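Peer 1: Before I ask anything, here is the structure I am working with.
Please treat every number below as a calculation from the coordinates, not as lab data. Remember, it's a predicted structure, so these values are computed and weren't measured experimentally. So basically every Cβ, Gly included, is an ideal-geometry build from the backbone, and we count neighbours across all protein chains shown.
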Amino acid sequence: MQDEKTTIQELKDILRKFRDDRDWKQFHDPKNLAEAISIEAGELQELFLWKDKEKIAKKLQEDEEFRKEVGEELVDVVIFCLNFANAADIDISKILKEKVEKNAKKYSVEKAKGTAAKYNKL
């Protein structure tokens with residue numbers, strides 16, 4: 001599988017089958033999945049804690065083992081996000097497009113380009 005050839009629905013279906021084969025639907029409610037997303041995001045953040053951002057960028061390019069570890073933590077977050085979407089019956093593509101359109105209005109190119117300021121401070 002590759003990103004350019006795989007749909008979000010295919011990923012959601014793979015994860016739903018994985019869950020169902022193990023009878024885990026009982027544990028995959030939105031509350032528990034939201035907590036799991038946060039926990040896994042914390043594990044991803046831990047790999048970067050107290051480290052210099054330039055050294056991390058270089059390490060991601062040069063250290064295949066570190067890159068793999070980061071990738072596995074990232075995919076744990078993605079897995080739980082997709083599991084959450086399944087549990088809450090959320091169409092990720094639809095809501096992502098709507099959110100980008102909403103953000104485009106809040107963060108116009110003219111006002112937001114090159115700044116990290118929040119929309120209400122632009």
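Peer 1: Listing 33, 96, 11 from the residue with the fewest other Cβ atoms within 10 Å to the one with the most, what is the order?
Peer 2: Numbers: 33 21, 96 12, 11 18.
By the 10 Å Cβ count, ascending: 96, 11, 33.
Peer 1: A further question on this structure: Ranked by Cβ crowding within 10 angstrom, fewest neighbours first, how are 39, 90 ordered? Please list the in-between numbers first.
Peer 2: Values: 39 12, 90 16.
Starting with the residue having the fewest Cβ neighbours, the order is 39, 90.
Peer 1: Which of the pairs 12/97; 12/99; 99/121; 5/51; 31/94 have their Cα atoms more than 24 Å apart in this structure?
Peer 2: Numbers: 12/97 18 Å; 12/99 20 Å; 99/121 19 Å; 5/51 35 Å; 31/94 22 Å.
Pairs exceeding 24 Å: 5/51.
Peer 1: Classify the chain as rounded, prolate or oblate, taking a ≥ b ≥ c as the square roots of the eigenvalues of its Cα gyration tensor: rounded when a/c is under 1.5, otherwise prolate if a/b is larger than b/c and oblate if not.
Peer 2: Oblate, since a/c reaches 1.5 and b/c is not below a/b.
Peer 1: OK, next. In the Gaussian network model of the chain, springs joining C-alpha atoms below 10 Å, which of 12, 68, 105 carries the largest mean-square fluctuation?
Peer 2: Of the options given, 105 has the highest mean-square fluctuation.
Peer 1: I want to make sure I understand the PRE zone here: with the label point 7 angstrom from the Cα of residue 24 toward its beta carbon, which residues in the range 56-93 have backbone N atoms less than 12 Å away?
Peer 2: In the range 56-93, the label zone of residue 24 (backbone N under 12 Å from the point 7 Å along Cα→Cβ) covers 76-77, 79-84.
Peer 1: Further question on the same structure: Quick check for you: which residues of the range 75-94 have the amide N under 20 Å from the point 7 Å beyond the Cα of residue 112 toward its beta carbon?
Peer 2: 92-94
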